Amino acid sequence: MSIVNSATQIYPSMSPANDPWDPIHSLRMHGRHMLTSVEMTITNLCNMRCEHCAVGDSLVMKEPEQIPLELMLRRLDEVEHLRTISITGGEPTFRKQTVEDKIIPLLRYASERGIKTQINSNLTLDYERYEQLLPYLDVMHISFNYTGPEDFHEVGFARSGHPVRREVSDRMYHAMIENTQRLSAAGMFISAETMINYRTHEKLPEIHKLILDMGCQRHEVHPMYAADFAEGLPVLSLEDMRKGIHSLLDARDPKVWMLFGTLPFFACSNVMEDLELVRRLRKEPMVTVRNDPDGRNRVNVNMFTGDVFVTDFAAIPSFGNVMGEKLDDIFNKWIDTHPLNQTVNCHCDAAACCGPNLLVSDMYYKQTDFKSRQAII
Ligand code: SF4
């Protein structure tokens, strides 16, 4: 296979001033949305069954063959402006063979091309599995929505279908903490994500403190939206969400990067409290608000079927397949012609905003035509 794009490219290093996953950079650079990020769902196996799991409905006990790695590498290589890849699951490291045969070659390819990499993991398995990733990985992304082992037990096995003993879950909780501490100490950039939901919105400062104690370099905060497994969970009011964010901003360590994503608050809002929060987020040191990559600069590839989706939630049917098409072509088809994209693809450059996520718009703004609005701050 010839790798045409394999020369290392020089990009600024990752920092609050440069988040390579944010679609605003490529939009500004090219004047239109470009595919710069590819996420691959590499397994549907997992040792947990979290209440909020983005892909819960797809989790299985045994899985089929994957598409050939060579094909995936070729498809990545054809993406002209690729800047980041993400590997997700399930638990991507669930099988050692997946780590060795798939994850490491993908990370190695990315690192040779100067592309930033992320893995979404629960970090509850043995340390050696994660240690192997140290030389290649830019961001280890974990979920952390807990104030202790009780929360972990309740949230992490909510969908297991059979009771999971506390001793088992406590062991996993402590393994996750120890792995996070050891990997952080060894130089891995660990970004812990907390979802704002009905369970966490009043405990965010406490959760933040535990994340810092584990040595994480970034705290990511995203509201939880109703999709897949999470569909039946209570919806948090925008008022409670705002309060939760303010409480976190009041209590956080301002030296640690805090990244908010998929927020339902926009600079074009006619609600004063929303505008106040947007302003505060803009002014706070070491705080960034990432525009939603899904369908803006990123697609998700299912490594079993080759199907391409706009997100790993898969609520929107696949709109292409890597077996027969290039990723840039599939992405351009979505951007230029897909009716769903046409509903949310607004852009107010002064507010560094490129519109709401599809789930956000569906959950809180069904009647709002964002394309007729404009940032007012
Ligand atoms: S880009 Fe869209 S959502 Fe963002 S401020 Fe402008 S109109 Fe509102």
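What the table below lists for this structure:
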{"quantity": "Qualifying positions in segment 311-337 - touching a helix residue (DSSP H, G or I) at 6+ places or on another chain (Cβ under 7 Å), under 15 Å from HIS33 (Cβ atoms) and modelled with pLDDT of 95 or more", "calculated": "LEU327, ASP328"}
{"quantity": "Restricting segment 350-374 to residues that are part of a loop (DSSP other than H, G, I, E, B) and among the charged types (D, E, K, R), the residue that is farthest from the ligand (Cβ to nearest atom)", "calculated": "LYS366"}
{"quantity": "One residue from PHE144, PHE157, PHE152 being under 27 Å from GLY261 (Cβ atoms), crowded, with 20+ Cβ neighbours inside 10 Å, aromatic (Phe, Trp, Tyr) and in contact with a Lys or Arg (Cβ under 7 Å, 6 or more places away or on another chain)", "calculated": "PHE157"}
{"quantity": "Meets criteria (of a type in the set (D, E, K, R) and farther than 28 Å from PRO64 by Cα) for GLU167", "calculated": "yes"}
{"quantity": "Filtered residues of segment 202-232 (kept if part of a loop (DSSP other than H, G, I, E, B), surrounded by fewer than 22 Cβ atoms within 10 Å (Cβ to Cβ) and at pLDDT 95 or above)", "calculated": "GLU202, LYS203, MET214, GLY215, GLN217"}
{"quantity": "In segment 233-278, the residues that are among the hydroxyl-bearing types (Ser, Thr, Tyr), away from the ligand (no atom under 13 Å from the Cβ) and in a loop (DSSP other than H, G, I, E, B)", "calculated": "SER237"}
{"quantity": "Segment 338-349 - residue that is within 9 Å of the ligand (Cβ to nearest atom) and more than 22 Å from the chain's Cα centre (by Cα) and, of those, surrounded by the most Cβ atoms within 10 Å (Cβ to Cβ)", "calculated": "CYS348"}
{"quantity": "Identity of the residue in segment 90-114, surrounded by fewer than 21 Cβ atoms within 10 Å (Cβ to Cβ) and polar (S, T, N, Q), that ends up farthest from ASN47 (Cα to Cα)", "calculated": "SER111"}
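The values are calculated or read from the model by the stated rules, or taken from the named source; none is laboratory data. Small disclaimer: the values here were computed from a predicted structure and weren't measured. Counting neighbours? That spans all protein chains shown, and the Cβs are built from the backbone with ideal geometry, glycine included.
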